[in-house]
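First up is the structure itself, then whatever we jot down about it.
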Amino acid sequence: RCPPLGGWNEDGLTGGTLNLSFPTALQQQLEAAIVRGDHAPGSTLRPGQLCREYDASAADVERVLGAAHRKGLVKPLAGGQDGYLVLGPTQARFSSVFTHTAESGLKPRSLVRQVEVVPATPEMAEKLEVEEGSPVYRYVRTRYVNEEALANQINYMPLEVCPGLEHDDVTRHSFQKLLENKYATVFAGMKEHFSMVEANAEDCEILGLAAGSTILLIERVALSATNRPVVWANIRIRPDRYAYVAALWPEAAELLSSGREPAA
């Protein structure tokens, strides 16, 4: 479990005026039933039937089904019919960075610095396909490889993807595997963009860089089997860790070796 840093305390998340309530127990029951095959792929889920089966309100059932659609477990029935077609769990198509790092013979570690829920900005809303102002997790951590600070990373996820995330410890475990195993969220697609940008004050502090340094920015939007965004990640990397970047992000390493000088 990560320490209670800004954004949450021992009583739970603090989100100001944001509505942080979510029918987590119902979500866990329904997702577990889909993963087990109780609701088999190809079967139909009707909201009214689920209300009776789980003794839940129509509003809660709709929220949970909407989250399951985002995660790729179900999709709306065609023709505007009332209900969802069960797709079932998806086979993982992408190795997590943490796993790939370990398999490359390197030693990964993460330091979670902050977990908070914030209202979606216009940029978050666009990247995650949510309404502006809706609750979004902002998950801030430092990534280390062989105990050297490699990246200042911020992940953004709609609250519905992983309610309760603030209580999970990923210090020496894969964040992506946590989403797969606990939250039934599997990455089936990925959009990535690489660029060189000026380091901000936090980058300089976390990564030990001089003001005005350049960093490698990797923006990743992870998509589910229904092509819905589940995670938007900003990975801000110290570029003089070239060997690590080459092992983990070969395409980004090409950018680093294209003639740009690494940061001091």
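Assorted remarks:
- Out of Glu202, Glu166, Glu148, Glu129, sole residue that is open to solvent by 30 Å² or more (accessible area, probe 1.4 Å), within 27 Å of Leu65 (Cβ to Cβ) and in contact (Cβ under 8 Å) with a residue 12 or more places away in the chain: Glu129
- Arg1 farther than 18 Å from Leu73 by Cβ, open to solvent by 30 Å² or more (accessible area, probe 1.4 Å), out of contact with any Gly (no Cβ under 8 Å at 6 or more places or on another chain) and modelled with pLDDT of 95 or more: no
- Within the set Ser213, Ser174, the sole residue that is more than 24 Å from Gln28 (Cα to Cα), in contact with a helix residue (DSSP H, G or I) (Cβ under 7 Å, 6 or more places away or on another chain) and either open to solvent by 10 Å² or more (accessible area, probe 1.4 Å) or not charged (D, E, K, R) (or both) turns out to be Ser213.
- Any hit, the range 151-162, residues being open to solvent by less than 10 Å² (accessible area, probe 1.4 Å) and either hydroxyl-bearing (Ser, Thr, Tyr) or modelled with pLDDT under 95 (or both): no
- For the range 219-264, the tally of residues that are in contact with a Ser or Thr (Cβ under 9 Å, 6 or more places away or on another chain), at pLDDT 95 or above and surrounded by 21 or more Cβ atoms within 10 Å (Cβ to Cβ) stands at 4.
- Count of the range 214-246 residues which are more than 16 Å from Phe175 (Cα to Cα) and among the aliphatic types (A, V, I, L, M): 9
- When the criteria are applied in full, Ala25 fails the requirement of being more than 21 Å from Thr185 (Cβ to Cβ), within 26 Å of the chain's Cα centre (by Cα) and either open to solvent by 30 Å² or more (accessible area, probe 1.4 Å) or not hydrophobic (A, V, I, L, M, F, W, C) (or both).
- Matching residues in the range 78-108 - criterion: being buried (at least 18 other Cβ atoms within 10 Å of the Cβ) and over 19 Å from Ala225 (Cα atoms): Val97, Phe98, Thr101, Pro108
- Filter pass, Ala199 being at pLDDT 95 or above and under 19 Å from Tyr144 (Cβ atoms): yes
- Residues in the range 28-50 that are open to solvent by less than 40 Å² (accessible area, probe 1.4 Å) and over 27 Å from Gly80 (Cβ atoms): Ala32, Gly37.
- Only a single item in (1) crowded, with 17+ Cβ neighbours inside 10 Å; (2) under 19 Å from Asn234 (Cβ atoms) is not met by Ala188, and it is number (2).
The values are calculated or read from the model by the stated rules, or taken from the named source; none is laboratory data. Just so it is clear, the structure is predicted and the values come from calculations on it, not from any experiment. All Cβ positions, glycine included, derive from the backbone under ideal geometry; neighbour counts span all protein chains shown. Protein only, heavy atoms only, side chains kept; ligands, DNA and RNA dropped before computing areas. Shrake-Rupley method; radii C 1.70, N 1.55, O 1.52, S 1.80 Å.
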